[in-house]
Each structure stands twice: as structure tokens, then as C-alpha cells.
Amino acid sequence: VFHGLVLARRAVGQETRYEVEVKARYRQRFPLVSREYLWVPNTCGCPALRPGGEYLLMARRHVNHEHTLNRILLQDDGYARPWTPREARLVREAARHC
């Protein structure tokens, strides 16, 4: 779970790749760097993330069986909400209890 600023969006084959600046990390099972690529397995724009927008995102690390692919995946029905200070407070509080 992290707060990210979407810098760019690009269709790559049948997927969408977002370049994201990681603003804050709330709960993570894998390390994040300040700039990440976030992949969505479609090109329909679901969830709708616009460049310049800030979002609270819940993604997972996807590694294929051969360990040749290692990326952050946001499923089309995944959690992606516009970031607000209220959302950030709620996630911080929840992270303390989990």
C-alpha cells in the first residue's frame, strides 16, 4: 500500500504501464524505490489513473515462475483511490493494527 503520483501512462502490448513517483509507503511486503513502474493487465484504463493525479494504491509484486519477470501489478479491480489526507490517516491507523 503506497501513496503515488502518476507521472506517465503508456500502453505496452495488452497492458498499461504507469510511471509512478512513490510519495509514501504505508504497508509493504517488498521494497519500493522512489520511482516505480506500475502495471495493469489491460488497456481499457481500469482503474482510471490520470497523469498528475495522486492515488492511494494497493498493489502486489508479481514474479513469474522463471523469475525473469519481477514487477508491481495493480489488478483492474484493485484498490486505487484518489489520495487525500483523510485516506492517508486511515491507512496509517489501519497499518498500526495489522
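The values are calculated or read from the model by the stated rules, or taken from the named source; none is laboratory data. Given the structure is predicted, the values throughout are model-derived calculations rather than measurements. We place every Cβ from the backbone using ideal geometry, glycine too, and count neighbours over all the protein chains shown.
Within the bounds of segment 34-43, is there any residue that is polar (S, T, N, Q) and modelled with pLDDT under 90? The answer is yes; a qualifying residue exists.
Close contacts from segment 29-57, counting a first residue that is over 25 Å from R92 (Cβ atoms) and a second that is part of a loop (DSSP other than H, G, I, E, B) and charged (D, E, K, R), with Cβ to Cβ under 9 Å and a gap of 6+ residues or different chains, come to V40/D76; P41/D76; N42/D76; C44/D76; C46/D76; C46/D77.
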